[in-house]
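Derivation of every value follows stated rules applied to the coordinates shown; laboratory data play no part. No experiment lies behind these values; they were computed from the predicted model shown. No Cβ is skipped: glycine too gets one built from the backbone with ideal geometry, and neighbour counts run over all protein chains shown.
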Amino acid sequence: MAENAERNLRLFRELITCTRNLYSWTYDVHFSLVYSNCPDADLMGMLFISMTDNIPPDVDAPMLLSSEFGLSWAVNLERDGSGLPLYYHVIGPAVASKFSIAKAKQAIFNRSDVSDSLVGVLDGLLAKIPSVPISRILEYCIMLHYCVTEEKLSISDILYPGPGAVPREEQDGHTANPHGTWLMEQRLLKLVEDGNLNFRQEKTRLVSGLVPADLGGGDGMRHLKNLVIAFISCCTRAAIRGGLSPETAYLLSDRYIRGVEACAVIADLVELNDSMQEDFIRRVHQSKSDGLSPQIRQCCDYIQIHVEDELSLTSISAAIGYSPTWLSGKFKKEMGISLTQYISQQRMERAKELLRSGNRPIQDIAEALHYKTPSHFGTVFRQYTGISPSEYRMERGKVT
Amino acid sequence: MYRLKEDVSHPAFLQKVKACRGSVTFASAEGDMLNLKSALSQFMFAACFTRPEIVCNAEIRLTEQADYEALKEFLLETEG
């Protein structure tokens, strides 16, 4: 271990144990234990080992590992002098959601191959694990990363690998400062209203700054979903104040709220929350800076949001309330291209996004974007990008 | 039939189980059957260690005899 990392970690571990029975661990890259200050390392170590398949190899970012039982660990990779992965430093486990535990216990209870007595032993185990608010665990992630790398990151840089339930804030004597929450919220919404593209520097405070009351009736996942839905509503209104058309803002709001309900794990919810805020900010920024009339801006927004739907001049005109002839003429005058060309352009941008981000078959993408045949889609794509969809996927796609 | 040794690293045992080719099952005297290659069952397995008598009386069952070589440092062969 590098001398600085060792010194930093030693102090950090001591500081944590001043206030909590939260333990530190160091594993080699094969997850053999190198160090732990946990007095019950055999038992607690098994909990971590049961989660290690979710840790992506060779990732430098701080990670929050969450289990479906509501347990969390902060994890950070250390590299040696030549850049090779050396150790995983870990803080945890911590109970962040007692409700998740209750749900998981119920799931186990319903299994025919598990006896009641085995369900009972869970209580003994969970009694040994400290309860720590999720915002604190996220801060520990950032601090652990600093100890190992001396690099200061923000909470928005944390990765949430693998499946797991959303942890919930637990009462630990810590009382939220309602004025701090209000001020923080206003600052975040101001970023949306202003269409401020420097939002990333500020965003980190959302997670650590807001410590709301339980909004989920004890259900950790519901709690965080409600929190994100409430934030979507606030962002929607801030975007309208910032100049985004109400129609576009509400369409986006509906889409993101449906997305929240579809989220099953913390990683999806965090990603959706980030994309939602970024989307609103970029659209407000665009509406302030592109010099388009409100009508054409609204038309562009409508096309972007409905890019995977059947779109025509008639349907768009009807949806936004202008005559097809007037809209078509005004669109061409302001945008310099026809509405049909713009739809095709937006579909190509969407196709690029889909090709980059997953393994969806090209035929499915062609169908989703309303091209009659994959070959027609391929021809249009090649005209737009200069290469075929499969070449684009090979060049730009990420490994999933 | 195998039982788990007491004086070994059980996290290391779980880590080795992940690399096994066949199923590795923890079968308790109460009839619990935990497939130790599943994360949820590994969690339950860990919980069993809060009541050592459950572990002492449980069997480890392997479907691939070759996996014994990887796990033998953690297992005791017993009659049955």
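Note on A:I296, A:I281: ascending count of other Cβ atoms within 10 Å places them as A:I296, A:I281, the fewest first. Averaged over the residues of A:36-48, the number of partner chain Cβ atoms lying within 10 Å of the residue Cβ comes to 4. Within 10 Å of the Cβ of each residue in A:121-132, the mean number of Cβ atoms contributed by other protein chains is 3.
Counting every other Cβ atom within 10 Å of each residue's Cβ, A:K225, B:K5 order from fewest to most as B:K5, A:K225. Of the residues A:Y250, A:Y256, the one with the fewest other Cβ atoms within 10 Å heads the list, and the complete ranking is A:Y250, A:Y256. Listed by chain and number, the aspartates and glutamates whose C-alpha is less than 18 Å from the C-alpha of A:K332, apart from same-chain residues fewer than 8 away, are A:D290, A:D301. Measuring against 22 Å, Cα to Cα, the residue pairs A:K330/A:K372; A:K128/B:K16; A:K352/A:K372; B:K16/B:K72 contain A:K330/A:K372; A:K128/B:K16 as the ones spanning a longer distance. For the segment B:14-21, counting C-beta atoms of other chains within 10 Å of every residue's C-beta and taking the mean gives 3.
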